[in-house]
1. Show me the helices (runs of 4 or more DSSP H) found entirely inside segment 1-107 where at least 2 residues are closer than 30 Å to residue 123 by Cβ and touching a residue at least 12 places away in the same chain (Cβ under 8 Å).
2. Looking at (1) farther than 26 Å from residue 17 by Cα; (2) modelled with pLDDT of 90 or more; (3) loosely packed, with under 10 Cβ neighbours inside 10 Å, can you tell me which one residue 81 breaks?
3. Can you pull out every residue in segment 32-51 that is within 18 Å of the chain's Cα centre (by Cα) and either at positive phi or surrounded by 12 or more Cβ atoms within 10 Å (Cβ to Cβ) (or both)?
4. Given the conditions (1) out of contact with any strand residue (DSSP E or B) (no Cβ under 7 Å at 6 or more places or on another chain); (2) crowded, with 16+ Cβ neighbours inside 10 Å, and given that residue 62 satisfies all but one, which numbered condition is not satisfied?
5. Can you confirm whether residue 8 is touching a helix residue (DSSP H, G or I) at 6+ places or on another chain (Cβ under 8 Å) and either surrounded by 14 or more Cβ atoms within 10 Å (Cβ to Cβ) or more than 30 Å from residue 119 (Cα to Cα) (or both)?
6. Look at segment 115-142 and say how many of its residues are in a helix (DSSP H, G or I) and farther than 19 Å from residue 5 by Cα.
7. Output the qualifying pairs, or none if there are none: Cβ atoms under 7 angstrom, residues six or more apart or on different chains, first residue in segment 121-142 and of a type outside the set (Asp, Glu), second residue assigned to a loop (DSSP other than H, G, I, E, B).
Amino acid sequence: MYTYPLEYALVIFEGNKFNGQIVPELMDLSQHGIVRYVDIVFIRKDADGSSSSIELNDLDREAYEQFVPLGEYVDSFFSQEDLDMAASKLPNNSAAALFLWENLWTKNISNAIAASGGMLFERGQIPADVVEEVRQELNAQQ
């Protein structure tokens, strides 16, 4: 069903409310064929530590329409265990969005690798703060 690599991100917001300011950027990635959203879940953790979550597909019509055409691609992929684990990472009185997306931008390189008899062996990401730390260390050595 999903041909290209999947990635996830847990984005935490101060206070336990969403304001929707990131929606245009999410839409841009989708509309340009860079990613396809597999699942989007909103998580809220109250001041007392209790948490709740709601899938994009379960939002009321008005809220859901903010994300169209994102919702055209969204499945309910995360398990309750995944959501509980994500919520456990949040500080009290916060909100988060848990995104799972398919990297459509990898299509051409994946096809070229396969056509040449290659196979993706390993893939990973290096967090930006680690890159910055290494860059500073390299600059200090010069």
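1. Here the list reads 23-31, 80-89.
2. The one condition residue 81 does not meet is (1).
3. Within segment 32-51, 33, 34, 35, 36, 37, 38, 39, 40, 41, 42, 43, 44 qualify.
4. (2)
5. For residue 8, the condition - touching a helix residue (DSSP H, G or I) at 6+ places or on another chain (Cβ under 8 Å) and either surrounded by 14 or more Cβ atoms within 10 Å (Cβ to Cβ) or more than 30 Å from residue 119 (Cα to Cα) (or both) - is not met.
6. Number of matching residues: 14.
7. Short answer, once both residue conditions are applied: 123/5.
The values are calculated or read from the model by the stated rules, or taken from the named source; none is laboratory data. All values derive from a computational prediction rather than experimental measurement. Quick reminder, even Gly has a Cβ in these numbers, built from the backbone with ideal geometry, and neighbours come from all protein chains shown.
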